[in-house]
Amino acid sequence: MKKLLLVLAGVMLAMVAEAYTCVSFKSGDPSILLKKVGITYEIDWDHARVTNHDNLSWQQYLKKRGADFVRDWPKDRKQAEKYFTVRFNNKSDYMQIVDGGKGEYKMILRPKTIDVGNGGSSFNPWASAKAGGVVINGTIDFLDTRTGKVVCVLNIVEAKGAGAPSETVRLGLTLNEIAGDICDFIDDEVEDGRIQATAVVGAGAVSSSVKEPVEAVEKPVTTAKSRKNSKQRQAEVPAVEVVEEEVVETASESGVNLGGRKLVVTETRKYPASFTLRVGSEQVKMILVRGGHMNMGYDGSGSRKMHSEPVHEVAVTSFYISERPLSAGVVIGIVGDKNTDGKGNELAQVREFDDAERAVAAIAQRAGKKYRLPTEAEWEYAACSDVQNQIFHIAGTDYVCYEWCSDWLDDYSDRNGVVTDPTGPRDGEQHVVRSFNCDRGKFDRSSDVDEDDAYVGLVRLVIKAKDFK
């Protein structure tokens, strides 16, 4: 009897493992996945970070591996990607990858993070640590090649391949799992009508082979039920709605002459001074920050360590920023508590940028508006604006609290000219966190983190004023 129970337990564990899927819906029109058409595909390796190797970019990682590996990568890449194409075409009842042909759609896999060679990442708990496995996180874009628009985006969450002695095979086995899970997602979720269309959120840059720019697909936003990660349960995205707003006229200054001043307001359009956004059971007040010009950066004591030189002029268009960062209850309800500290109405302290970005993207998806994390320029501009004390209640205290920005961290450019709404470098090793640092001045760029980049950031919502209406 005991042996029978053990066998049944083993079967149940196998069924749970089989039920795990690394693919879930992000945004767009899922019905295109049901078309019986030929598609092309691409894997954008170059923008991935290898997290267990000093967070190196994929190209840096290849160089670290040595000349032989770099030389063999074109051949190894083709071998690894073959696992994906074969598995996808064998499982798909709809789209079929046409190698070298021109399809109605193009599928672009965009790995954001890759963990290479971690033995614990294998599905097989008895796999050799020496053999290792691979874990990939990222997104999948489906482009309509006729219009150049991204029409559907899927998430890849902890895609795992079984351990194997060859790194190429380990990558291939992980791609094999992703291909199968895309097809399972289509069969189990899309075909059954469980996923509804939404506006496209978080689409990547258009492929070099598609000439027209990517635009959002404008569709009514309805509830989307994403498949849950079996290792980290996620609650459904809370309902989001605007419950009130107050309309006022904005002031302006004529001309732009910053001189020695930090900031000059120049925006003249009329916008509501604030509005309240209901996210689930929580009300988030959004405060208007009127646009203008700013001397961004800091060149005083400790500025080199904080990468805050040179001081340079930027223009920022009007935007709304949340009066306080999101609560733990809201963030954990969306992304789970794996990388988030706090509970209930306490501020969510998020250890991974991807989770901060994912929480905001889910709110944007549900609201049908372009809510996002602040850029570094927006954060500093708000901190220096006339509403700073209303937004940053900790100003003037001894408390230093980091907040996530969307930019990659890098030294500021020394080129001349005013840039409007800068978004930072295209890629990097870590994202910017900003804080009030009372020892060095509350408008400093605070990026002096520890060697392991183990910092925690709060999460604010931002939306451009022009996108609110």
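The values are calculated or read from the model by the stated rules, or taken from the named source; none is laboratory data. A quick note: this is a predicted structure, and the numbers were derived from the prediction, not measured. FYI the Cβ positions are ideal-geometry reconstructions off the backbone, even for glycines, and counts take in every protein chain you see. Quick note on the areas: whole protein, heavy atoms, side chains included, nothing else; ligands and nucleic acids left out. Shrake-Rupley method; radii C 1.70, N 1.55, O 1.52, S 1.80 Å.
Name the single residue, out of those in the stretch 138-171 being of a type in the set (D, E, K, R) and within 22 Å of K102 (Cβ to Cβ), that is nearest to the chain's Cα centre (by Cα).
Here the answer is D141.
Which count do you get for residues in the stretch 63-103 that are open to solvent by 30 Å² or more (accessible area, probe 1.4 Å) and assigned to a loop (DSSP other than H, G, I, E, B)?
Residues that pass the stated criteria total 7.
Taking the stretch 274-320, which residues are at pLDDT below 90, charged (D, E, K, R) and touching a helix residue (DSSP H, G or I) at 6+ places or on another chain (Cβ under 9 Å)?
Within the stretch 274-320, just E282 meets the criteria.
For the stretch 34-51, give me each residue that is in contact with a Gly (Cβ under 7 Å, 6 or more places away or on another chain) and either at positive phi or open to solvent by 30 Å² or more (accessible area, probe 1.4 Å) (or both).
Once the filter is applied, which keeps residues that are in contact with a Gly (Cβ under 7 Å, 6 or more places away or on another chain) and either at positive phi or open to solvent by 30 Å² or more (accessible area, probe 1.4 Å) (or both), the stretch 34-51 yields nothing.
What are the pairs, 6+ residues apart or on separate chains, where a residue within the stretch 407-423 that is over 18 Å from L373 (Cα atoms) and in contact (Cβ under 8 Å) with a residue 60 or more places away in the chain has its Cβ under 8 Å from a residue that is part of a strand (DSSP E or B) and open to solvent by 50 Å² or more (accessible area, probe 1.4 Å)?
Pairs found: V418/E313.
Name the one entry in L173, L143, L154 that is open to solvent by 10 Å² or more (accessible area, probe 1.4 Å), touching a residue at least 12 places away in the same chain (Cβ under 8 Å) and of a type in the set (A, V, I, L, M, F, W, C).
The unique qualifying residue is L173.
Taking the stretch 425-464 as the region of interest, how many residues are at pLDDT 85 or above and either over 22 Å from the mean Cα position of the chain (by Cα) or surrounded by fewer than 19 Cβ atoms within 10 Å (Cβ to Cβ) (or both)?
Matching residues across the stretch 425-464 total 2.
Only one of E346, E376, E357 is of a type in the set (D, E, K, R) and under 17 Å from P422 (Cα atoms). Can you tell me which?
Within the list E346, E376, E357, the selection yields E376.
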